[in-house]
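FYI, it's all coordinate maths here, none of it is from the lab. Because the structure is predicted, anything quoted here is derived from the model rather than measured. Here the Cβ is made from the backbone with ideal geometry for all residues, glycine too, and neighbour counts use every protein chain on show.
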Amino acid sequence: MAAIGTRTPAPRVIGITGPPGAGKSTTVAAMVGAYRATGLRVAVLAVDPSSPYSGGALLGDRIRMAAHINDPDVLIRSVATRGHLGGLAAAVPAAIRLLAALSYDLVVLETVGVGQSEIEIAAVADPTVVILNPGAGDAVQAAKAGLLEVADLVVVNKADRDGADQTVRDLRAETTVPVLKLVAAQGEGLAGLVQAIDAHHRADTSERRTARARAQILSLAQTLLRNHAELDRLALAVADGSSDAYTAAARLIADSGG
């Protein structure tokens, strides 16, 4: 896998996140259609950070993606992260390298923005797109959940509903990134979203790529340390007072070859 990563150009990666029910899967399905119309080969990775099994929301994702299921240039897969914090960091970069080797031009990552997952998506995706619904305090809740901190673009989906304009205003008061309106089920605003994504990609810089790489390395390092064989023993030593957290942390890093 390391050899693949060094030889193969990385595909573009778009992250889609947001609370349950925001219309992420419908948005992804519409985006896949738009990018396929330009001739790109597209892979969709639907990530469930909360469960090691494919089902529930991911089954719904597959149903909404049915229009593309017979397209040989569209790949749709669920990615299980084994139910632990940091699982996305371990699973997704390897999958992206494999997709690059299979000549996919674009990878869309979809996950539910309910915790660490969106931070990990921001480490590999450019841009990270946060999907929200009108009303119901979504703008405030997104800000509290830290979603807006990782967003490169914010989309108010189902923008034909009451309260959409107010939600856009609330979001623009909370963030400096572009806030767009979309009705994914009808394709309204889809062209504008694709244009905004492409513009963000064209504006990518070495500094941004380095920042993503740094975040990806740190996230993966946390996963490796979390699964270290000595972690439980060191934790017991800290708990019974025979060691302290700083010494234990230094030992954990040293035992990892740091």
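Annotations for the structure displayed:
- Each label point was placed 7 Å from the Cα along the Cα-to-Cβ direction; for residue 214 and residue 169 their separation is 3.8 nm.
- Hydrodynamic radius by Kirkwood, which averages 1/r over all alpha carbon pairs of the stretch 213-256, in angstrom: 11.0
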